[in-house]
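No value in this document is a laboratory result; all are computed from the given coordinates. Since this is a predicted model, take the numbers as computed values, not measurements. Cβ coordinates were reconstructed from backbone atoms using ideal geometry, including for glycine residues, and neighbour counts include every protein chain displayed.
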Amino acid sequence: MTSKKLTARVALPALVAAVAGLATWSQLRYTPLEASSHREAPLIADDPVADNTDLYAFKDPNDAGKIIIIANYIPFELPHGGPNYSTFGENVRYEIHVKNQTANPTVDDITYRFTFTRTNQDPTTFFNIRLGAQNLKTTYTCEKITPGGTTTIVS
């Protein structure tokens, strides 16, 4: 056997093994998980409390006649960021628009509007939690708006 054939016979399997090893290593190395950016709209970066990041809607598993809607706001809020998490804005109109019928595509069938209010129970301090009690409290109102009028659901 000539030395060129021997080199080719050894080099090709070595090259295949090196490529396979590199491919395996690239898949096994540590890659941290990251959230979706949700910062694609440049102006919303200046107002994170108004940034609606995700909306989920699915049928209630216990009652097929109901829909569960979940809306997420304030991106990149991490669990270990507490206890002083960002709060919903008092000057932000949080709305979820629902379109059930296609008869009039320009009008929402239902709009759920959430309005938040913060009150400081002890204005002499800036602490969120004071003497074991919640000092800064947030309450909300939820209104259901239909073409027939507005109904307060929670206040």
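For this structure, a couple of remarks:
- 22 Å tail of the calculated P(r), region 81-155, as % of Cα pairs: 43
- Within the shell defined by Cβ-Cβ distances under 13 Å, the residues around Asn91 carry a net charge of 0, with Lys and Arg each +1 and Asp and Glu each -1.
- Loop-resident GluC sites (Glu not before Pro) (DSSP state other than H, G, I, E or B) in region 79-145 with no more than 13 further Cβ atoms inside 10 Å of their Cβ: Glu90.
- Set of aspartates and glutamates near Lys66 by C-alpha distance (under 17 Å), chain-local residues within fewer than 8 positions excluded: Asp109
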